[in-house]
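Q: Please find one structure pasted underneath; my questions will follow.
The values are calculated or read from the model by the stated rules, or taken from the named source; none is laboratory data. Computed from a predicted structure; not experimentally measured. Cβ: placed from backbone, ideal geometry, glycine included. Neighbour counts: every protein chain shown.
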């Protein structure tokens, strides 16, 4: 089994009064994911952002649960 770790940052914003997840951004490491999430959270269009990583086998589509690196601003757990 070949395992890889993906580091991701993505924003949250309100659209018509409902919080929605924005476009995820893959990052090279945990530090970069947190930095990108901080920038996304600071954007006036967004209400928050999250950085996380997941490890697994993309060939099999099997991944461990996501591990949160940072939660910044308003984040909806149901959208993660």
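Q: What is the number of the single condition among (1) at pLDDT 95 or above; (2) touching a strand residue (DSSP E or B) at 6+ places or on another chain (Cβ under 6 Å) that residue 1 does not meet?
A: (1)
Q: Only residues in the range 27-40 that are without any contact (Cβ under 8 Å) to a residue 60 or more places away in the chain count as the first member; pair them with residues that are surrounded by fewer than 21 Cβ atoms within 10 Å (Cβ to Cβ) and assigned to a loop (DSSP other than H, G, I, E, B), Cβ under 8 angstrom, at least 6 apart or cross-chain, and list the lot.
A: 40/22; 40/46
Q: For residue 50, are the conditions met, namely being under 15 Å from residue 72 (Cβ atoms), assigned to a helix (DSSP H, G or I) and under 13 Å from the mean Cα position of the chain (by Cα)?
A: So residue 50 fails the test.
Q: For residue 75, are the conditions met, namely being in contact with a strand residue (DSSP E or B) (Cβ under 9 Å, 6 or more places away or on another chain) and surrounded by 13 or more Cβ atoms within 10 Å (Cβ to Cβ)?
A: The answer is yes for residue 75.
Q: If the requirement is being more than 14 Å from residue 68 (Cα to Cα) and surrounded by 13 or more Cβ atoms within 10 Å (Cβ to Cβ), which of these qualifies: 38, 21, 49?
A: 21
Q: So how many residues does the range 1-41 have that are within 12 Å of the chain's Cα centre (by Cα) and assigned to a helix (DSSP H, G or I)?
A: 10
Q: Just to be sure before I move on: is residue 24 in contact with a helix residue (DSSP H, G or I) (Cβ under 7 Å, 6 or more places away or on another chain) and within 18 Å of residue 78 (Cβ to Cβ) in the structure I sent?
A: Here the answer is no, as residue 24 does not meet what is asked.
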